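Here is the structure we will look at.
The values are calculated or read from the model by the stated rules, or taken from the named source; none is laboratory data. Not measured: the values here are computed from a predicted model. So basically every Cβ, Gly included, is an ideal-geometry build from the backbone, and we count neighbours across all protein chains shown. Protein only, heavy atoms only, side chains kept; ligands, DNA and RNA dropped before computing areas. Shrake-Rupley method; radii C 1.70, N 1.55, O 1.52, S 1.80 Å.
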Amino acid sequence: MTFRHTLLLRNGRIIDPANTIDEPGDLLVIDGMISQRGKAGSIACPPEAACIDLQGIWLVPGLIDMHVHLREPGEEYKETIASGTRTAAAGGFTAVACMPNTNPVNDNQSVTSFILTKAAAEGAARVYPVGAISKNSRGTELAEYGELKRAGAVAVSDDGRPVANSQLMRRALEYSGNHDLLVISHAEESSLSENGVMNEGPLSTRLGLRGIPTVAEEIMIYRDLALAEYVGRPIHIAHISTRESVDLIRRAKRKGCRVTAETAPHYFSLTEEAVGIYNTRAKMNPPLRRADDMAAIREGLRDGTIDAIATDHAPHSAMEKDVEFDQAANGIIGLETAVPLTLALVRENILTPARMIELLSLQPARILGVAGGTLTEGSPADITVIDPEKKFVYAKEDVVSKSCNSPFLGWEFTGRAVLTLVGGRITFDGLGQTEN
Amino acid sequence: MEFEYRFQHKHILGMEELSSRDITFILDAAESFKEISQRPIKKVPTLRGKTVIHLFFEPSTRTRLSFEIAAKRMSADTFNISASTSSAKKGETLIDTAKNLASMNPDIIVIRHSSSGSPHLLAKHIRASVINAGDGTHEHPSQALLDMMTVREKKGRIAGLKIAIIGDISHSRVAHSNILGFTKMGAKVHVSGPATLIPAGIEQMGAIVCPRVADAVEDADVVMALRIQQERQLDPLLPTLREYASFFGINRSLMRAAKPDAIIMHPGPINRGVEMTTDVADGEQSVIMDQVTNGVAVRMALLYLIMGGDDR
């Protein structure tokens, strides 16, 4: 990796929603910090500094993906902390929050420390571990939140499976308050979704696949909103996918509940039709829904009901995916396609560029309570440069992740991250600037 | 102006892929093959030198036997493989199994599997023709074709008939294939059964849902009962089989609502006293044994046609 003490990024379109800025400007990075921000052409290149002319493309705070699966420890053949963060960097992300469903589960300080040690040594992005809500994510006993927090966990979740026991969820919401840890809910009423492999409806009937009804998600969101409100704690709802889920969260926010929610790019880009003839690359949980759900998700992103876009990057190898549909693993990779898929919403005038950066950077930072999300002077130089017009084909050979389970392979995209800096260090260079 | 029709399917994966023209062509071929099974020497050399593998991941008696008899009467060499259902359990993936079989150059693989879409997966990875002998809760095309052959034989036509299918529509690949097939041929398919066994959006496959069994059966030309698959129930779908029998079972009194010359069908095996009473199953309206007989003829036709046998 190249590390430059001084780097000038000139003539970019600075989009920094934290400071309500969207204007051409220059950014000077010294020793890993944003040292100065000015109007375009206002900052002279200091001697011996590297200087990159961005010619008007976007200069934004480093993107933060608050929901990924890095698979290490335990499933290093799918992804590692090194490969996953490299993938994040290639997608424009400077930080990721990794879910605890590794093997062993990240339900204690040792696993959290392991992840952070690995990330410090090999990571190409900041890594924020999410601890488990319950021991082994089994849903029966609380994990050690105090020790998890002390070791560096930023939130708790049993992601991948729901907390079926309402009493345990209540206790998790209560006890997480002692340690100032956010509870992230994987909302799924599993007695309704059990053995389901795609969205329930005419298409699942036609394909002969067991369906997952939308109410399986909505009932659990309602329960968790009710519990959070009852105990007076904030809650974050992961990967929402249905129209009614958006509406539940909208109503809870109107009532003043401290709820935040994320969705994933596939829920605003694809419908269940992507399953086609048993395409396991369109299989994930929650499943792809119908067009009216997709429209509601888009509206929720636009009107502020949904706070963040997170990829739910879930690498799986061919062993888990090139099998019968009902036996295939859930999940798709997403880090490399989030920016172009979200840019499509900007081009459709659903999101403004500033709203897009809020969803992908500012809000995830605020929700998790971590640094970043802004280009304020004095902040760490976590910076992403996005060329919104750059065309590329997401080809299998170009996939950076160790796994290539994406329904977007072969898609022709417009717009992508072209330069990623973490603490002033270039972690991805699609501009050819590493050579001086 | 009409173009000359040719049967162009390499695989038989489901009724969804077949047009009404294809179906008529298959049924015509099946009728001409039926006679072979009535000869003293029940064998023609049509598929001599062809290799047919029956790859069954689910237990089956009659479908497998029917396919095997069909292939043998056409002089094909047949091989049967019974495998355990879960690829995880047997330690080899379906694709690996398929590739291994493909390396021995079979011409046709007939597959039954508990996972919907597994014949499609197979067809994607091997050169041989694939016949779906039942995949999960998706399709069972040869069963639908033998049902349509039986109806056409007894009624002289399919278009314009009222077909009532009663029972577990959710888990029945037979129902799914029949709804698609009969609808394509111009029949009206009415379905009825416990609401717990009527799947979401079945109307979009062409079926008319009747909450009351009597409405489905009223003036029907064909009444088909489906097997209640007691082994496949994952959730509470029925209180008791006794209650099912009294409210959804086919009996004499229910049949009075149907047309007087209505025929009664069942894909087998029957749970007597559950889906239908014994007097109905064995009565003069029942064509259940004709279905079995026609199964061999339909399968002979399918084997013949996908081997490109358009040049009789």
| request: Please go through the range A:163-201 and pick out each residue that is within 14 Å of another protein chain (Cβ to nearest Cβ) and over 14 Å from A:Asn285 (Cβ atoms). | output: A:Ser191, A:Gly201
| query | Can you tell me which residues in the range B:169-184 are at the interface with another protein chain (Cβ under 10 Å from one of its Cβ atoms) and open to solvent by 20 Å² or more (accessible area, probe 1.4 Å)? | reply | B:Ser170, B:His171, B:Arg173, B:Leu180
| task | Only residues that are more than 15 Å from the chain's Cα centre (by Cα) and either of a type in the set (Ser, Thr, Tyr) or assigned to a loop (DSSP other than H, G, I, E, B) (or both): list them for the range A:47-70, please. | result | A:Pro47, A:Glu48, A:Ala49, A:Leu54, A:Gln55, A:Gly56, A:Ile57
| field | Filter result (within 16 Å of B:Ile163 (Cβ to Cβ) and surrounded by fewer than 22 Cβ atoms within 10 Å (Cβ to Cβ)) within the range B:291-312 | value | none
| Near pairs, Cβ below 6 angstrom, 6+ apart or cross-chain, from the range A:252-264 (closer than 15 Å to A:Leu227 by Cα) to any residue that is part of a strand (DSSP E or B) | A:Ala252/A:Val259; A:Val259/A:Ile235; A:Thr260/A:His236
| If we scan the range A:202-217, do we find a residue that is in contact with a Ser or Thr (Cβ under 8 Å, 6 or more places away or on another chain), assigned to a strand (DSSP E or B), more than 14 Å from chain B (Cβ to nearest Cβ) and at pLDDT 95 or above? | no
| Criterion violated by A:Val96 - all others in (1) under 21 Å from A:Leu362 (Cβ atoms); (2) touching a Pro at 6+ places or on another chain (Cβ under 6 Å) satisfied | (2)
| said: Against the condition under 30 Å from B:Ile202 (Cα atoms) and open to solvent by 10 Å² or more (accessible area, probe 1.4 Å), how does A:Ser166 come out, does it pass? | reply: no
| message | Looking at the range B:96-111, can you tell me whether even one residue there is within 28 Å of A:Glu320 (Cβ to Cβ), within 14 Å of another protein chain (Cβ to nearest Cβ), in contact with a strand residue (DSSP E or B) (Cβ under 7 Å, 6 or more places away or on another chain) and touching a residue at least 60 places away in the same chain (Cβ under 8 Å)? | response | no
| query | Among (1) more than 29 Å from A:Gln36 (Cα to Cα); (2) open to solvent by 30 Å² or more (accessible area, probe 1.4 Å), which single condition is A:Val68 missing? | reply | (2)
| query | Is there a residue being out of contact with any helix residue (DSSP H, G or I) (no Cβ under 8 Å at 6 or more places or on another chain), open to solvent by 20 Å² or more (accessible area, probe 1.4 Å), at negative phi and facing chain A (nearest Cβ under 10 Å) anywhere in the range B:124-135? | reply | yes
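I'd like the residue in the range B:207-229 that is open to solvent by 30 Å² or more (accessible area, probe 1.4 Å) and touching a helix residue (DSSP H, G or I) at 6+ places or on another chain (Cβ under 9 Å) and, out of all such residues, is farthest from the other protein chains (Cβ to nearest Cβ).
Restricting attention to the range B:207-229, the residues satisfying the condition of being open to solvent by 30 Å² or more (accessible area, probe 1.4 Å) are B:208-209, B:211-212, B:214-215, B:218-219, B:227, B:229.
If we keep only those that are touching a helix residue (DSSP H, G or I) at 6+ places or on another chain (Cβ under 9 Å) too, we end up with B:208-209, B:211, B:214, B:227.
Details: B:Ile208: 15, B:Val209: 12, B:Pro211: 18, B:Ala214: 24, B:Arg227: 16 Å.
That would be B:Ala214.
Filter the range A:218-234 down to the residues that are part of a loop (DSSP other than H, G, I, E, B) and touching a residue at least 60 places away in the same chain (Cβ under 8 Å) and list them by number. Write out each step before concluding.
So the first thing to find is which residues in the range A:218-234 are part of a loop (DSSP other than H, G, I, E, B), and the list is A:232-234.
Correct list: A:Arg233 only.
Scan B:Ser75, B:Ser66 and give me the residue that is more than 22 Å from A:Val275 (Cα to Cα), more than 10 Å from chain A (Cβ to nearest Cβ) and not in a loop (DSSP other than H, G, I, E, B).
On the way: B:Ser75 fails: not in a loop (DSSP other than H, G, I, E, B).
The match here is B:Ser66.
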| said: Quick check on my filter: what residues within the range A:124-140 are touching a residue at least 12 places away in the same chain (Cβ under 8 Å), of a type outside the set (S, T, N, Q) and open to solvent by 50 Å² or more (accessible area, probe 1.4 Å)? | reply: A:Arg126, A:Lys135
| said: Scan the range B:105-116 and tell me whether some residue there is under 30 Å from B:Thr277 (Cβ atoms) and under 21 Å from the mean Cα position of the chain (by Cα). | reply: yes
